[in-house]
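The values are calculated or read from the model by the stated rules, or taken from the named source; none is laboratory data. For clarity, every value in this text was computed on a predicted model and none was experimentally measured. Because the Cβ atoms are built from the backbone with ideal geometry, glycine has one as well, and the counts that use them run over all protein chains shown. Heavy atoms of the whole protein, side chains included, go into the accessibility calculation; ligands, DNA and RNA do not. Shrake-Rupley method; radii C 1.70, N 1.55, O 1.52, S 1.80 Å.
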Amino acid sequence: MIEKRDIRALTKEELRAFFVSSGDKPFRGNQVYEWLWSKAAHSFDDMTNISKETRAMLEENFVINHIKVDQMQRSMDGTIKNAIKLHDNLVVESVLIPTDTRTTACVSSQVGCSLDCNFCATARLKRMRNLNPDEIYDQVVAIDQQSRLYHNHKLSNIVFMGMGEPLLNYNNVLKAIDMITSDEGLGMSAKRITLSTVGIPKMIKRMADEEVKFNLAVSLHSAIDVVRTRMMPINEKSNLDELLDALQYWYLKTKRRITFEYVVWKDINDQQKDANALVDYCKKVPCKVNLIEYNAIDDGEFQQASPEAIAMYVKALESNNIVVNIRRSRGKDIDAACGQLANKTT
Ligand code: SAH
């Protein structure tokens, strides 16, 4: 038996060509493309303005590898965590985070993760595969639907802060963002999308060269190499200087400031010298800092720093005119917060 092709791996042009080669009009390709993306059809039978014969022909040749929301958990604070089953039965997670005025989708880019950040639950899962553009897109569609259903408005923001490292699945993540922002897809503004990365200099420069329109966040956690390497082994391959060089390049090209994500841990990076190093780093590139609350994952090696240490950071940053926000974690009761995504259901 010939394996059926994933129809959403085809570009619009390829789909149009397919219809021409089967004796139909190119326009049929446009119609089907619209069903597949902006209308997010789950099956060929949903395509009601396409003839029965054509739908049967599509069914014979292609599959729609639609994701399935396998389990949905709602947190006391309104956060929703979805366990998403992929066509090959692997599972990723995505999260809807509501605030008073907006809803944010936190989406995954890989099944598992190949990086070994030792404070992150996803790092305990090995990387199994990259997500395809349509699998990333579908997570956003599913959360948009949940936003409309539970919060009475459409999805407002997207962050690539779920499972995986988006810059190690570069092409598929960028293709997904293209469809999310395209009028042929969801038509969302790129300004409302943030890609979060451990910081891979080569890929940051490549993104800058491609003049992408979305925002960049970098998980920094320390501006001192030995400390950062201890938590994030990737820092050994490309250190803080190389990262800074790429970030300066990014700013030069895009004129958009970077967000640094930063957790302050007890006895690890909670001293004045740590805050001073962060201030020095921040002075070298336009940025703001989000201090994120630590979500304990298990063995107690990492503990949230004291409120005094956080206050010390805030003071150091603010007195140097660096914007700093304290980010409370959301959805902790259902393991939906940053770094807690590990395909664990309770
Ligand atoms: N690989 C990307 C995106 C996934 S992680 C990246 O590293 O940016 C999303 C954010 O959650 C990152 O800033 C990460 O550092 C942070 N994070 C990971 N584990 C955490 C934990 N246990 N508590 C709080 N934040 C965590």
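Any chance you could give the angle, 0 to 90 degrees and rounded to 10, that helix 272-282 forms with the longest Cα principal axis of the chain?
For helix 272-282, the angle is close to 50 degrees.
Tell me the angle of helix 240-254 to the major Cα principal axis of the chain, expressed in degrees between 0 and 90 and rounded to the nearest ten.
Approximately 50 degrees, to the nearest 10.
Rounded to the nearest 10 Å², what accessible area does Asp144 show when all protein chains are kept and the probe is 1.4 Å?
Surface open to solvent at Asp144 totals about 30 Å².
Report in % the part of the accessible area of region 194-346 that belongs to carbon and sulfur, leaving out ligands and nucleic acids; probe 1.4 Å. Don't skip to the end; give the middle numbers.
On the way: 3480 of 7170 Å².
For region 194-346, the apolar C and S fraction of the accessible surface comes to 49 percent.
As a quick test, which of the pairs Lys253/Lys288; Lys25/Lys52; Lys39/Lys81; Lys175/Lys255; Lys191/Lys332 have an alpha carbon distance above 20 angstrom in this structure?
Numbers: Lys253/Lys288 18 Å; Lys25/Lys52 16 Å; Lys39/Lys81 23 Å; Lys175/Lys255 22 Å; Lys191/Lys332 27 Å.
In this structure, Lys39/Lys81; Lys175/Lys255; Lys191/Lys332 exceed 20 Å between Cα atoms.
Quick one: angle between helix 307-318 and the longest Cα principal axis of the chain, in degrees between 0 and 90, rounded to 10, please.
80 degrees
Count neighbours as other Cβ atoms within 10 Å of each site's Cβ, and list the trypsin sites (Lys or Arg not before Pro) in region 128-197 that are DSSP loop with at most 15 such neighbours.
When the trypsin sites (Lys or Arg not before Pro) of region 128-197 are filtered for loop state and at most 15 Cβ neighbours within 10 Å, Lys154 remain.
Where does each of His66, His42 land when they are ordered by accessible area, with a 1.4 Å probe and the largest first? Each step should come with its number before you reach the end.
Details: His66 35, His42 105 Å².
My answer, sorted largest first, is His42, His66.
Please state the shape class of the chain: rounded when a/c is under 1.5, otherwise prolate if a/b exceeds b/c and oblate if not, all from the C-alpha gyration tensor. Write down the numbers at each step before the final one.
Values: a/c = 2.21, a/b = 1.85, b/c = 1.19.
Taking the square roots of the gyration eigenvalues as a ≥ b ≥ c, the chain is prolate.
Which of rounded, prolate, oblate describes region 23-66, given a ≥ b ≥ c as roots of the alpha-carbon gyration tensor eigenvalues and a/c under 1.5 marking rounded, otherwise prolate only if a/b is larger than b/c?
On the way: a/c = 1.60, a/b = 1.17, b/c = 1.37.
Oblate shape, in that a/c is at least 1.5 and b/c is the bigger or equal ratio.
Exactly which trypsin sites (Lys or Arg not before Pro) in region 18-75 are in a DSSP loop and have at most 15 other Cβ atoms within 10 Å?
Numbers: sites: Arg28, Lys39, Lys52, Arg55, Lys68, Arg74; in loops: Lys39.
In loop regions of region 18-75 (DSSP not H, G, I, E or B), the sparsely surrounded trypsin sites (Lys or Arg not before Pro) are Lys39.
Heads up, I need the accessible area for Ile322: 1.4 angstrom probe, whole protein in place, Å², nearest 10.
20 Å²
From the square roots a ≥ b ≥ c of the eigenvalues of the alpha-carbon gyration tensor of region 147-193, which class results: rounded (a/c under 1.5), prolate (a/b over b/c), or oblate? Please list the in-between numbers first.
On the way: a/c = 2.63, a/b = 1.48, b/c = 1.78.
Oblate, since a/c reaches 1.5 and b/c is not below a/b.
Using a 1.4 Å probe on the protein heavy atoms only, what accessible surface does Asp116 show? Give it in Å² to the nearest 10.
For Asp116, the solvent-accessible surface is approximately 90 Å².
Taking a point 7 angstrom from the Cα of Val323 along the C-beta vector, which residues in region 285-306 have backbone N less than 11 Å away?
What the label zone holds, given the 11 Å backbone N cut-off, is 287-290.
Could you sort His87, His151, His221 by accessible area so the largest value comes first, with the probe set to 1.4 Å? Write down the numbers at each step before the final one.
Working: His87 95, His151 50, His221 10 Å².
I get His87, His151, His221, largest accessible area first.
Normalised by the residues of the chain, what does the relative contact order come to in percent, with Cα pairs under 8 Å and at least six apart? Display every interim value, and only then the final one.
Values: 636 pairs, mean separation 49.5, N = 346.
Computed over the chain, the figure is 14 percent.
In nm², what is the average projected area of the convex hull enclosing the Cα atoms of region 188-346? Let's see the in-between values first.
Values: hull surface 40.6 nm².
For region 188-346, the mean projected area of the Cα convex hull comes to 10.2 nm².
Calculate, in nm to one decimal, what Glu308 and Lys213 gain on full extension: separation in residues at 0.36 nm each, minus their alpha carbon distance.
Taking Glu308 through Lys213 to full extension adds about 30.5 nm, to one decimal.
Can you tell me how much longer the chain between Lys237 and Ser21 gets when fully stretched, taken as 0.36 nm per residue apart minus their C-alpha distance, in nm with one decimal? Provide the component values of the computation, followed by the final result.
Details: separation 216, 0.36 × 216 = 77.76 nm, distance 4.89 nm.
Fully extending the segment from Lys237 to Ser21 adds 72.9 nm.
Which residue, Gln303, Gln139, Gln110, tops the fluctuation ranking in a GNM of the chain built on C-alpha contacts under 10 Å?
Evaluated over the chain, the most mobile residue of the options is Gln303.
Just to confirm, what accessible area per residue do you get for the chain at 1.4 Å probe, in whole Å²? Write down the numbers at each step before the final one.
On the way: 16230 Å² over 346 residues.
Heavy-atom SASA per residue in the chain reads 47 Å².
Could you sort Ile177, Ile234 by accessible area so the largest value comes first, with the probe set to 1.4 Å? Could you put the intermediate results ahead of the total?
On the way: Ile177 5, Ile234 30 Å².
From most accessible down to least: Ile234, Ile177.
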